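Encoded as structure tokens, the structure appears first; notes follow it.
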Amino acid sequence: MLVRLLYASRAAEHLSAEDLAAILKVSKARNPATGVTGVLCFCKASNIFLQVLEGGRDPVNTLYNRIARDARHREPTLLTYEEIGQRSFAGWSMGQVNMDRLNAALLLRYSEHATLDPYAVSGEASLSLFNELVATGLVTGQG
Ligand SMILES: Cc1cc2nc3c(=O)[nH]c(=O)nc-3n(C[C@H](O)[C@H](O)[C@H](O)COP(=O)(O)O)c2cc1C
């Protein structure tokens, strides 16, 4: 039984580059043991996290509940949750989006403005954006 969960949150005011690196480090270290894979996107301009988690229902639910309590972000908002037949983000214990290469055209394809604001678009649109990021090679941190 596989599920895919997509959520957005707002980074804490004081979030530093070191905090972000620590989050990715712990994710890559811990996720393989529970079989969770996914991608994390952090947009500095809007101070927003967008993360997709895939894996067994229990490990994904447990992890989301832990993440939601993390003081490094607030307003965790579930965007989509679905049972899936196969993963779309199997290649990453926790990949990250290379925001430097994210261009306005890609953002405009799925939203009114060229900013990453998952609170303003449908969950489906954010998921489509994630799939496009993978397809265009903007996700790094394989393994
Ligand atoms: C935006 C965000 C994404 C996170 N993603 C993960 C993740 O994929 N896997 C993970 O183990 N921890 C993730 N964490 C960190 C967890 O919230 C938690 O700090 C970590 O799992 C260690 O938990 P512990 O202190 O209870 O051992 C994330 C935190 C934030 C703020």
When ligands, DNA and RNA are left out and all protein chains stay put, how many square angstrom of accessible area per residue does the chain have with a 1.4 Å probe?
-> 51
When the C-alpha atoms of the range 18-92 are aligned to their principal axes, what extent does each axis show, in angstrom, from largest down?
-> 34, 25, 21
Proximal charge balance of Val26 [Cβ under 12 Å; K/R count +1, D/E count -1] = +3
Starting from the Cα gyration tensor of the range 63-143, take the square roots of the eigenvalues, sort them a ≥ b ≥ c, and report rounded, prolate or oblate (rounded when a/c is under 1.5, otherwise prolate if a/b is larger than b/c, else oblate).
-> rounded
Solvent-accessible area, 1.4 Å probe, carbon plus sulfur percent, for the chain = 51
Which three extents, in whole angstrom, do the alpha-carbon atoms of the chain cover along their principal axes, largest first?
-> 37, 35, 26
Rank Thr80, Thr62 by accessible area, highest first, at a 1.4 Å probe radius?
-> Thr62, Thr80
By average Cβ neighbour count within 10 Å, what is the ranking of 48-61, 81-94, 119-132 from highest down?
-> 48-61, 119-132, 81-94
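The values are calculated or read from the model by the stated rules, or taken from the named source; none is laboratory data. Just so it is clear, the model here is predicted, and its values are computed rather than measured. Counting neighbours? That spans all protein chains shown, and the Cβs are built from the backbone with ideal geometry, glycine included. For the accessible areas, the whole protein counts, side chains as well, though only heavy atoms, and no ligand, DNA or RNA atoms are used. Shrake-Rupley method; radii C 1.70, N 1.55, O 1.52, S 1.80 Å.
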